[in-house]
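Colleague: Pasting in a structure now, in C-alpha cells, and then I'll have a few things to ask.
The values are calculated or read from the model by the stated rules, or taken from the named source; none is laboratory data. None of the values given here were measured: they were computed from a predicted structure. Please note: Cβ atoms are built from the backbone with ideal geometry, for glycine as well, and neighbour counts cover all protein chains shown. All accessible areas refer to the heavy atoms of the entire protein, side chains included, with ligands and DNA or RNA removed. Shrake-Rupley method; radii C 1.70, N 1.55, O 1.52, S 1.80 Å.
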Amino acid sequence: MLETLIAAIMVASLIVYALMGGADYGGGMWDLLASGSRAKRQRQAIVEAIAPIWEANHVWLILVIVLLFSGFPRALSAIMIALHIPITAMLIGIVLRGSAFVFRKYDSTEDAVQRRWSTIFGIASFFTPFFQGLTLGALTTGNIHLVGDQVTTGFFAGWLTPFALTCGLFALALFALICAETKTNLSVGDSSR
C-alpha cells in the first residue's frame, strides 16, 4: 500500500513538472526561435511569463528523485547506472539553462552578450527536455536488465532505441505546444479586460 501511494505521488509530481516545467522549457525554445523586428519584445514577453515560476519548477523533479530514493532505492540505483549518460546530459542542460537565464538578466546589456546568453538558454531549453523524454522512453522499453542488483545490459541499452529517441522528440513538441497554448490563453484573457 505504501509503495502504491509513493508511486502515485511520483506520477502526480511528474505531471505537475511536465505542465509547469514544460511551459517553461517551451518558452526557452520559442525564445531561441524568436526572430525579426519583434524578437526582442517576444523574448521579453517570454521572460515575464516564466520568471515567476522557473526556479520552482525543478522542485517537482527533486521530489520525484527523493521519493524514488526513499521508496524504491534499488530502482533508483539501476536507473542511475543504466541511464547515467542521458541523465547527466539532462542535468548539465538544467544547470546551463538556469545559469544562462540569470546571466542574461544581470550581465551586460550589450547586444552580443545578450545574444550569447539567449542562445545558451535556448539550446539548453531544447537539449534538456529531449533528454528527459528520452530517459522516460528508455525506462519503458524493457531493454534494461538486472541480475540481482547489477545492470547487465551496459550503458547504452534502452536510450538509443527509436522509441526512446521518439519520446525525446515528443517531449520537445509537447513542451513547445504547452507554452504556446499557455501564452495564447493568457493573451486572450488579457485582451478581454
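Colleague: Divide by every residue of the chain the summed helix terms, -39500 (n - 2.57) for each DSSP H run of at least 4, and state the resulting mean residue ellipticity at 222 nm, rounded to the nearest 500 deg cm²/dmol.
Modeller: Working: 7 runs with 153 residues, N = 193.
So the calculated ellipticity at 222 nm is -27500 deg cm²/dmol.
Colleague: Next up: Pulled fully out, how much extra length does the chain show between MET80 and LEU33, if you take 0.36 nm times their separation in residues and subtract their Cα-Cα distance? Don't jump to the answer; show the numbers that get you there.
Modeller: Details: separation 47, 0.36 × 47 = 16.92 nm, distance 3.29 nm.
Once the chain is fully extended between MET80 and LEU33, it gains 13.6 nm.
Colleague: Could you give me D for the stretch 1-49, from Stokes-Einstein at 10 °C and 1.306 mPa s, where the hydrodynamic radius is the Kirkwood radius over C-alpha pairs? Units µm² s⁻¹, please. Mind dumping the intermediate values first?
Modeller: Numbers: Rh = 12.7 Å.
Calculated translational D: 125 µm²/s.
Colleague: If you line up the Cα atoms of the stretch 26-140 on their principal axes, what length do they span on each, largest first, in Å?
Modeller: 52, 23, 20
Colleague: Can you tell me the relative contact order of the chain? Whole percent, Cα pairs under 8 Å, sequence separation 6 or more. Mind showing how you got there, number by number?
Modeller: Values: 227 pairs, mean separation 56.3, N = 193.
After rounding, I find 29 percent.
Colleague: Could I ask something else about it? Given a 1.4 Å probe and every protein chain left where it sits, what share in percent of the accessible area of the chain is carbon and sulfur? Please report the intermediate quantities before stating the final value.
Modeller: Numbers: 7980 of 11200 Å².
Carbon and sulfur: 71 percent of the exposed surface of the chain.
Colleague: What's the extension gain from PHE103 to THR140 if we count 0.36 nm per residue and subtract their Cα-Cα distance?
Modeller: Values: separation 37, 0.36 × 37 = 13.32 nm, distance 3.68 nm.
Length difference between fully extended and current span is 9.6 nm.
Colleague: Sticking with this one: What number results when the radius of gyration of the stretch 21-72, computed over Cα atoms, is divided by 2.2 N^0.38 Å? It would help to have the intermediate numbers written out before the result.
Modeller: Numbers: Rg = 15.2 Å, N = 52, 2.2 N^0.38 = 9.9 Å.
The value comes to 1.54.
Colleague: I'd like the distance between the alpha-carbon centres of the stretch 63-121 and the stretch 1-53, rounded to an integer number of Å.
Modeller: The distance from the Cα centre of the stretch 63-121 to that of the stretch 1-53 comes to 13 Å.
Colleague: Please report, in cubic angstrom per residue, the volume enclosed by the convex hull of the alpha-carbon atoms of the chain. Intermediate results must be reported in sequence, preceding the final value.
Modeller: Numbers: hull volume 26.1 nm³, N = 193.
Expressed per residue, the convex hull around the Cα atoms of the chain is 135 Å³.
Colleague: How high is the FRET efficiency between THR166 and GLU110 when r is their beta carbon distance and R₀ equals 30 Å, given to the nearest 0.05? Working shown, then result.
Modeller: Numbers: r = 40 Å, r/R0 = 1.35.
The formula returns an efficiency of 0.15 here.
Colleague: Follow-up. I'd like to check one number: the per residue accessible area of the stretch 1-52, probe 1.4 Å, reported in Å² as a whole number. Don't skip to the answer; put the middle values down first.
Modeller: Values: 3070 Å² over 52 residues.
That works out to 59 Å² per residue.
Colleague: What does a probe at THR119 reach in the stretch 34-50, counting residues whose amide N is under 18 Å from the point 7 Å along Cα→Cβ?
Modeller: Of the residues in the stretch 34-50, 34-36, 39-40, 43 have backbone N under 18 Å from the label point off THR119.
Colleague: With angles folded into 0 to 90 degrees, how steeply does helix 2-33 sit against the dominant principal axis of the chain? Use alpha carbons for both and round to 10.
Modeller: Here the helix axis deviates by roughly 30 degrees.
Colleague: To continue, here is another question. Based on the Cβ-Cβ distance from ILE6 to ILE53, what FRET efficiency comes out when R0 is 35 Å, to the nearest 0.05? Let's see the in-between values first.
Modeller: Working: r = 25 Å, r/R0 = 0.72.
That gives a FRET efficiency of 0.90.
Colleague: Rolling a 1.4 Å sphere over the protein heavy atoms, what is the accessible area per residue of the stretch 61-159, to the nearest Å²?
Modeller: Numbers: 5310 Å² over 99 residues.
Value for the stretch 61-159: 54 Å² per residue.
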